[in-house]
Each structure stands twice: as structure tokens, then as C-alpha cells.
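Laboratory data are not the source of any read-out in this text; all were calculated from the coordinates shown. Being a predicted model, the structure only gives us computed values, none of them experimental. For neighbour counting, all protein chains shown are included, and Cβ atoms are generated from backbone atoms with ideal geometry for every residue, glycine included.
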Amino acid sequence: MSDGRPDVLALVGAGVMGQTLLGGLLRAGRDPAGVLVVDRRAGRAEELHDRFGVRVVTDPAAVAAAGTVVLAVKPQDMGDLLASLRDHLRPDVLVVSLAAGTTTHSCEQQLRPGTAVVRVMPNTPSLVDEGMAALAGGRHCGPADLAAAEELMRSCGRTAVLAEKHLDAVTALSGSGPAYVFYVVEAMVEAGVLLGLPRATATELVVQTVVGAGAMLRETGQHPTVLREQVTSPAGTTTAALRQLDDHKVRAAFVTAVEAAWSRSRELSRGS
Ligand SMILES: NC(=O)C1=CN([C@@H]2O[C@H](COP(=O)(O)OP(=O)(O)OC[C@H]3O[C@@H](n4cnc5c(N)ncnc54)[C@H](O)[C@@H]3O)[C@@H](O)[C@H]2O)C=CC1
Ligand SMILES: O=C(O)[C@@H]1CCC=N1
């Protein structure tokens with residue numbers, strides 16, 4: 001028990017993000033007996049039970065046993081979900097929402113008055129304990145609630161507590177960010193194949209380059225401009241490539257793309 005709430009955690013929605021967090025929680029030592037998964041796809045029960053040893057149900061009423069309820073359904077499904085959970089949740093429950101563009105205010109309005117809600121924006125590298133999650137507390141959420149939500153997310157990566165006004169930007173940057181990196185990797189692998197490398201070799205070269213560059217950023221703490229300049233020899237190969245990226249406005253395209261994701265997150269918060 002913590003804060004008088006039962007230790008049972010209910011995870012509603014066992015898709016990509018829900019299952020990723022579930023794996024992290026169990027790797028971090030959470031007892032599968034204290035985790036309940038609710039998913040409306042009946043077939044998930046056997047699959048998740050076999051893989052993780054957790055109890056899986058389709059009935060939302062099961063959340064009545066939980067002190068903490070994590071919501072990991074698509075933003076478009078949140079309205080129906082909150083309506084189906086409202087009367088079953090304990091009055092002292094902590095609700096943790098992972099849904100993009102869904103504000104704590106909108107969750108609070110659809111739940112019993114006074115319900116503690118934390119909005120979280122995680123990302124898929126949580127699958128390998130390298131996630132980045134930003135958290136913002138709602139109006140009924142105290143420091144202990146926020147700390148409890150942070151502890152959940154720390155099971156599979158790093159966390160940052162931010163003002164909620166920043167969460168659309170976080171969604172655009174680190175929430176969607178892994179997809180941008182995978183997109184760049186795809187393009188680089190295609191380039192390697194074009195130049196005659198076997199696909200498997202090109203993939204190995206690119207993946208290790210991305211992992212290595214990421215590790216350098218983290219471990220040296222150097223500014224990316226400094227690290228890029230170290231690679232870029234006068235009249236060399238890198239500068240020839242970077243000129244093409246600048247000519248094709250790739251930097252500007254990234255800024256515009258992230259802004260489009262931010263804008264879409266804001267649209268989702270307005271229910272569109
Ligand atoms: N996939 C990602 O990279 C990230 C996703 N998110 C957020 O996480 C949430 C989930 O996204 P994904 O896992 O990608 O979606 P998903 O579609 O893979 O999984 C959603 C799951 O929710 C279940 N579900 C839907 N309505 C339900 C209900 N009423 N009761 C019980 N189960 C229900 C579905 O059966 C499905 O298993 C979204 O709100 C998304 O914005 C946040 C950050 C990153
Ligand atoms: O694409 C999406 O809407 C979700 C939110 C952040 C990453 N995936």
C-alpha cells in the first residue's frame with residue numbers, strides 16, 4: 001500500500017504502448033499478481049497471460065480493485081473509456097493517462113470530482129528501458145501522486161516533470177520522435193543499398209552508427225554542432241553530403257514536421 005491505495009495496478013489498453021510499459025514494470029520487479037490488464041480485444045487475455053503472467057480481462061468494472069489505473073488507449077477512444085470506468089474507480093484512485101493530446105482537465109471532467117490524474121507522454125524506446133516520459137499533474141494531483149506516476153515510468157526509462165502546457169511539444173518531439181529516427185535510418189539503409197551494399201550490411205552499419213552517435217551525445221555531453229563538426233573534414237565527404245541536406249531544406253523540414261505533430265496534438269485535445 002502507498003497513500004492508502006491498494007498496490008494493484010490496472011493497465012487499460014494493452015496495445016503497443018501499454019504492453020511496452022507492462023514489460024518495463026515487470027522487468028523492474030513489479031509482481032505480476034498485482035497487475036491487472038483490461039483490454040477490449042478478448043484474444044489478448046491468453047497471449048498476455050502466457051507472456052507476462054498477468055490477469056487479463058475485458059470488463060472495465062475490474063478496475064475497482066486498483067489503486068492506480070493507467071490508460072493506454074487511443075485518444076479517440078478515451079471518451080468512451082472514461083465513461084465506462086467512471087463509476088467503478090475508487091474515489092482515491094490515481095489515474096495515469098498516456099493518451100496524446102488528452103488534457104488532465106478533460107479527464108477530470110469525465111471522472112468523479114476530485115480524481116487525481118497525471119498526464120504522461122512516454123515513447124516506445126521504453127521497450128528497451130531507454131524511454132523518455134514527460135509528466136504533468138492535474139488539479140487534484142499532489143506531489144505524492146506525481147512521484148508515484150514518475151516511479152512507474154522510471155521502470156523503463158527517464159522522466160521529466162513539466163507544466164502541462166508543454167506536453168503537446170513533448171508529444172511532437174520525444175513521443176513521436178522515435179519514428180523520425182527510424183525514418184532517417186530507413187533512408188540511409190536505402191542509400192547504402194543504392195550504392196551496392198547488401199541490405200543486411202547496410203542495416204548493421206546504419207543501426208550501429210545511430211546507436212553510437214546517440215551514446216556520444218549522452219556520454220560526452222557535447223553540443224551536437226561540435227560533434228558534427230568533428231566529423232566534417234575540410235573539402236571532405238561529410239561536407240559534400242551536408243550541403244545536399246541543406247539544399248534540400250532537411251533541417252527546415254524537421255522543424256516544420258515537429259510543428260505539425262504539435263499542432264495535431266493540440267487538435268486532438270480539442271476532440272478533432
Ligand atoms: N505508440 C506510441 O509510440 C505512443 C503512444 N502513446 C499513446 O498511447 C496510447 C495507446 O497507443 P498505442 O498503444 O499505440 O495504441 P494501440 O492501438 O496499439 O493500443 C490501444 C489498445 O487499447 C485497447 N482499447 C481501446 N479501447 C479500449 C477500451 N474501451 N477498453 C479496453 N481496451 C481498449 C485496444 O484493444 C488496444 O489493445 C495512445 O493514446 C497514444 O497517443 C503515447 C506515446 C507514444
Ligand atoms: O502518433 C501518435 O499519435 C502517438 C503519440 C506519440 C507517438 N505516437
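Rounded if a/c is under 1.5, else prolate if a/b beats b/c, else oblate: with a ≥ b ≥ c from the C-alpha gyration tensor eigenvalues square-rooted, which is the chain?
prolate
Among 94-100, 32-38, how do they line up from the highest to the lowest mean number of other beta-carbon atoms within 10 Å?
The packing order, highest mean first, is 94-100, 32-38.
Relative contact order for segment 9-170 using alpha-carbon pairs under 8 Å, separation at least 6, rounded to a whole percent?
Once divided by the residue count of segment 9-170, the mean separation gives 20 percent.
What whole-number distance in Å separates the alpha-carbon centres of segment 70-109 and segment 228-272?
34
With r defined as the distance between the Cβ atoms of K165 and R112 and R0 fixed at 30 Å, what FRET efficiency is calculated, to the nearest 0.05?
Approximately 0.75, to the nearest 0.05.
Of the options T104, G175, G214, report the single residue whose Cα projects farthest towards the positive end of the charge dipole of the chain (beta-carbon charges: Lys, Arg +1; Asp, Glu -1).
About the Cα centre, the residue reaching furthest to the positive side is T104.
About the Cα centre, and with charges only on the beta carbon of Lys, Arg (+1) and Asp, Glu (-1), how big is the dipole of the chain? Nearest 20 debye, please.
For this selection, approximately 320 debye.
In the chain, once you exclude exposed trypsin sites (Lys or Arg not before Pro) (DSSP loop, at most 13 other Cβ within 10 angstrom), what's the longest stretch remaining?
140-248
I want to verify a result. In a Gaussian network model of the chain, Cα cutoff 10 Å, which of these has the top mean-square fluctuation: A65, A116, A260?
A260
Tell me which residues come under 5 Å, amide H to amide H, from V70 once H is placed; ignore anything under 5 positions away on its chain.
Hits under the 5 Å cutoff: A10, L11, V12, V96.
Using the Karplus curve 6.51 cos²θ - 1.76 cosθ + 1.60 with θ = phi - 60°, work out ³J(HN,Hα) for each residue of segment 131-136 in order, rounded to whole Hz, and write x for Gly and Pro.
Coupling constants for segment 131-136: x, 10, 10, 9, 10, 9 Hz.
For the chain, what does -39500 (n - 2.57) per DSSP helix run (n ≥ 4), summed and divided by total residues, give at 222 nm, in deg cm²/dmol to the nearest 500?
Mean residue ellipticity at 222 nm (helix-derived): -15000 deg cm²/dmol.
Would you pull out the residues with amide H under 5 Å of V57's amide H, same chain only if 5 or more places away, H placed 1.01 Å from N?
Sorted by chain and number, the residues that satisfy this are V37, V38, D39.
Can you compute 3J(HN,Hα) from phi for each residue in segment 114-124, using the Karplus curve 6.51 cos²θ - 1.76 cosθ + 1.60 with θ = phi - 60°, rounded to whole Hz and x for Gly and Pro?
x, 5, 7, 10, 10, 9, 10, 10, x, 8, 6
Using a ≥ b ≥ c from the Cα gyration tensor of segment 87-185 (square roots of the eigenvalues), is it rounded, prolate or oblate, where a/c under 1.5 gives rounded and otherwise the larger of a/b and b/c decides, a/b for prolate?
prolate
For G131, what residues show an amide H to amide H distance below 5 Å, using hydrogens built from the backbone and excluding near sequence neighbours?
S126, G157, R158
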